[in-house]
There are 2 protein chains.
Amino acid sequence: MTSLPTFADVQAAARRLEGVTLHSPLLENARVNAMLGGRLFIKAECLQRTGSFKLRGAYNFLASMSEADRRKGVVGWSSGNHAQGLAEAARLLGVKATIVMPADAPALKVANTRASGAEIVLYDRVKDSREAIGLGIAQKTGATVVPPYDHAWILTGQGTAGLEIVEQAKALGATLDAVAAPCSGGGLSTGIALAIKGLSPATSVHAGEPAGFDDLARSLKSGKKEKNDKLTGSICDALLAPTPGDVTFALARTLLGPGLVVTDDEVLDAMETAFREFKIVVEPGGAVALAAALTGKLPVRGRTVAVVCSGGNVDHATFVRALARRA
Amino acid sequence: MTSLPTFADVQAAARRLEGVTLHSPLLENARVNAMLGGRLFIKAECLQRTGSFKLRGAYNFLASMSEADRRKGVVGWSSGNHAQGLAEAARLLGVKATIVMPADAPALKVANTRASGAEIVLYDRVKDSREAIGLGIAQKTGATVVPPYDHAWILTGQGTAGLEIVEQAKALGATLDAVAAPCSGGGLSTGIALAIKGLSPATSVHAGEPAGFDDLARSLKSGKKEKNDKLTGSICDALLAPTPGDVTFALARTLLGPGLVVTDDEVLDAMETAFREFKIVVEPGGAVALAAALTGKLPVRGRTVAVVCSGGNVDHATFVRALARRA
């Protein structure tokens with residue numbers, strides 16, 4: 001394996017993203033703090049351009065490619081948010097993008113990806129291999145594969161959100177005891193861990209996953225890469241990667257604390273709280289770390305904790321279902 | 001009349017609010033820009049502490065009072081957002097607050113105001129005079145009345161959002177052709193107009209109102225303060241003030257361009273777009289300026305325009321109704 005990315009790589013990514021990505025706000029709510037008996041911040045990456053943090057990694061990847069490679073285009077596969085981030089990064093940099101998306105991805109995510117000018121290839125999440133389809137396109141066209149998480153350029157791009165969290169908390173007079181982020185393949189959680197450990201070594205960093213798709217939590221316990229039994233079946237459509245990446249797991253082992261696992265109902269409750277108290281729209285997969293904080297699985301009492309709400313690309317029906325959790 | 005507040009007063013208010021209020025983000029969306037053929041920014045004040053811009057004016061008012069007056073407490077009346085802002089400002093500064101609220105205000109706004117520790121007095125919006133009730137309490141207790149809009153300390157506090165809009169747009173390389181904000185009594189629209197005219201004199205500033213409650217738009221046309229025929233009947237519960245304030249109208253006459261008037265259906269559509277594209281929760285009254293931009297009443301084509309989404313304190317049922325506008 002080549003050497004793992006470092007804190008300096010996250011700082012370099014932040015320079016590439018300056019003026020491109022939003023410094024999303026770090027939100028706080030007096031009522032929620034009182035309820036939890038501590039201080040909870042939300043890093044609202046659902047407000048990021050394209051509706052999720054994914055633009056950070058995708059843009060950093062494309063901006064790091066050679067000019068010659070960029071001319072041959074890029075190809076990626078994604079349940080939706082990486083697709084939108086990659087398509088928009090390609091549009092901003094004038095690069096042709098082809099995106100392989102699951103046929104059961106939320107209609108909104110497919111439509112939005114197409115709107116950025118990318119070509120869409122749909123596949124069956126259970127029967128087909130998205131990797132095989134994507135690699136086939138790359139071989140035929142010379143396009144560069146932009147992986148959703150398991151690459152230094154991707155995860156250091158995502159990690160720029162971690163730099164902002166520490167700086168924004170500091171401006172509010174806060175020192176963070178813990179930070180948590182949603183996790184599918186581990187790009188966001190390990191990227192922000194690199195950033196946070198670089199600026200604030202005593203802060204623990206945790207990855208949140210949906211119950212039944214807690215491959216990283218189990219891998220951190222066993223010390224080797226574990227796989228999920230199922231490929232579908234959680235409301236968190238963005239968090240269904242079957243196993244941690246090689247690069248992300250190597251980082252996770254040294255940087256992350258114990259994993260946080262939440263149920264679909266806890267996720268829906270967190271979406272409702274995000275609506276009612278923080279006035280943000282969070283998709284199910286984007287709400288797992290918040291759900292961990294609200295349920296006490298990530299303790300907030302007597303502490304200062306930040307969670308990333310990583311995306312807001314949710315269908316109307318699912319959002320209405322979350323609101324119905326509280327009449 | 002005493003002299004009208006100036007740009008320098010808004011700058012002084014910004015110094016008082018530093019570290020207290022959130023610099024809410026200025027959001028932009030590539031798809032919405034493409035649809036409108038211009039550049040549209042949303043100043044997301046729904047993300048402000050207490051869920052609306054109202055904390056700005058209330059905190060600035062209380063911070064400007066004498067220590068002796070603060071010890072005697074404050075009293076205010078409000079359909080909800082000023083109530084929450086005032087109650088929270090009072091909590092932050094350790095001042096006793098009594099709030100007179102309409103009995104038909106959204107349950108959420110009443111509950112949240114109470115949660116900040118304020119005492120609540122309910123009144124009938126049609127039969128009672130909230131002014132009379134509030135003044136009675138002030139007379140009995142020596143508390144200072146904190147008016148919802150018609151006071152220099154209030155409107156210059158609200159105006160700090162305008163300073164941020166111009167600075168944030170500049171950081172994105174944009175010069176604003178027009179800015180619009182929701183208007184009830186005119187505190188927000190005239191406050192940001194003071195700020196924006198001070199930093200960018202060529203930018204036009206407009207107040208948005210719901211159809212049937214367009215007292216300011218008609219007052220700007222006739223040159224004298226006009227009154228609304230009705231006191232209830234719009235989905236925009238935050239924008240039902242019967243007539244412009246004296247201070248706010250004096251400022252509006254010299255600072256504001258023509259008023260923008262939108263229907264309840266246009267407001268619901270704007271709330272749905274804010275959900276789908278910007279991932280923010282906007283209440284009906286908070287969405288009127290956005291509605292004006294999306295419908296072309298405030299032209300965006302070939303221009304750069306910012307609108308304030310001023311609050312996010314919306315009941316679940318009303319939000320679901322907005323989402324239902326687009327299946």
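Kindly flag which residue pairs out of B:Lys109/B:Lys279; A:Lys221/A:Lys297; B:Lys72/B:Lys227; A:Lys43/A:Lys230 have an alpha-carbon separation exceeding 23 Å in this structure. From B:Lys109/B:Lys279; A:Lys221/A:Lys297; B:Lys72/B:Lys227; A:Lys43/A:Lys230, over 23 Å: B:Lys72/B:Lys227; A:Lys43/A:Lys230.
Relative to the longest principal axis of the Cα atoms of chain A, helix A:187-199 runs at roughly 60 degrees.
Comment: the Cα-to-Cβ extended label point of B:Arg91, at 7 Å, lies 4.0 nm from its counterparts in the other copies, nearest first. Largest GNM mean-square fluctuation across B:Ile192, B:Ile280, B:Ile154, computed for chain B with C-alpha springs under 10 Å, falls on B:Ile280.
Using the Cβ-Cβ distance between A:Arg303 and A:Lys221 with R0 set to 25 Å, the FRET efficiency from 1/(1 + (r/R0)^6) comes to roughly 0.60. How far is the Cα center of segment B:274-327 from the Cα center of segment A:238-255, in Å? Taking the Cα centre of segment A:238-255 as reference, the centre of segment B:274-327 is 38 Å away. Here the Kirkwood formula, the inverse mean of 1/r across different C-alpha pairs, assigns segment B:202-327 a hydrodynamic radius of 15.0 Å. A viscosity of 1.567 mPa s and a temperature of 4 °C, combined with the Kirkwood radius over Cα pairs in Stokes-Einstein, give a translational diffusion coefficient for segment A:100-218 of 78 µm²/s. Pick from B:Gly57, B:Gly312, B:Gly38: which is most flexible by mean-square fluctuation in a GNM of chain B where alpha carbon atoms under 10 Å apart are linked? Result for chain B, Cα springs under 10 Å: B:Gly38 fluctuates most. Looking at the P(r) of segment B:54-145, how many percent of alpha-carbon pairs lie beyond 20 Å? In whole percent, the long-distance tail amounts to 28. Helix A:130-141 and the long axis of chain A differ in direction by around 40°, with both axes built from C-alpha atoms. Classify segment A:1-114 as rounded, prolate or oblate, taking a ≥ b ≥ c as the square roots of the eigenvalues of its Cα gyration tensor: rounded when a/c is under 1.5, otherwise prolate if a/b is larger than b/c and oblate if not. Here segment A:1-114 falls in the oblate category. Between copies, A:Asp315 shows label-point distances of 2.9 nm, shortest first, with the point placed 7 angstrom from Cα along Cα to C-beta.
Relative to one another, the C-alpha centroids of segment B:13-29 and segment A:16-62 are positioned 16 Å apart. Solvent-free Debye calculation, one equal scatterer per alpha-carbon of chain A: log10 I(q)/I(0) at 0.06, 0.07, 0.11, 0.16 Å⁻¹ equals -0.17, -0.24, -0.61, -1.38. The calculated 222 nm mean residue ellipticity attributable to helices in the protein assembly as shown amounts to -13000 deg cm²/dmol, summing -39500 (n - 2.57) over DSSP H runs of n ≥ 4 and dividing by all residues. When only alpha carbons are used to place a centre, segment A:86-145 and segment B:101-129 end up 51 Å from one another. Between the helical axis of A:54-64 and the longest alpha-carbon principal axis of chain A there is an angle of about 40 degrees. The calculated FRET efficiency for B:Arg31 paired with A:Asp246, based on their beta-carbon distance and R0 = 30 Å, is about 0.30. Sorted shortest first, the distances from the B:Ser129 label point to those of the same residue in the other copies are 8.1 nm; each point sits 7 Å from Cα along Cα-to-Cβ.
Taking other residues whose beta carbon is less than 12 angstrom from the beta carbon of B:Val100, and scoring Lys, Arg as +1 and Asp, Glu as -1, yields -2.
Computed over the protein assembly as shown, the percent of Cα pairs more than 33 Å apart is 45.
No value in this document is a laboratory result; all are computed from the given coordinates. As the structure is a prediction and not an experimental result, all values here were calculated from the model. A quick note on method: Cβ atoms are made from the backbone with ideal geometry, for glycine too, and the neighbour counts reach across all protein chains shown.
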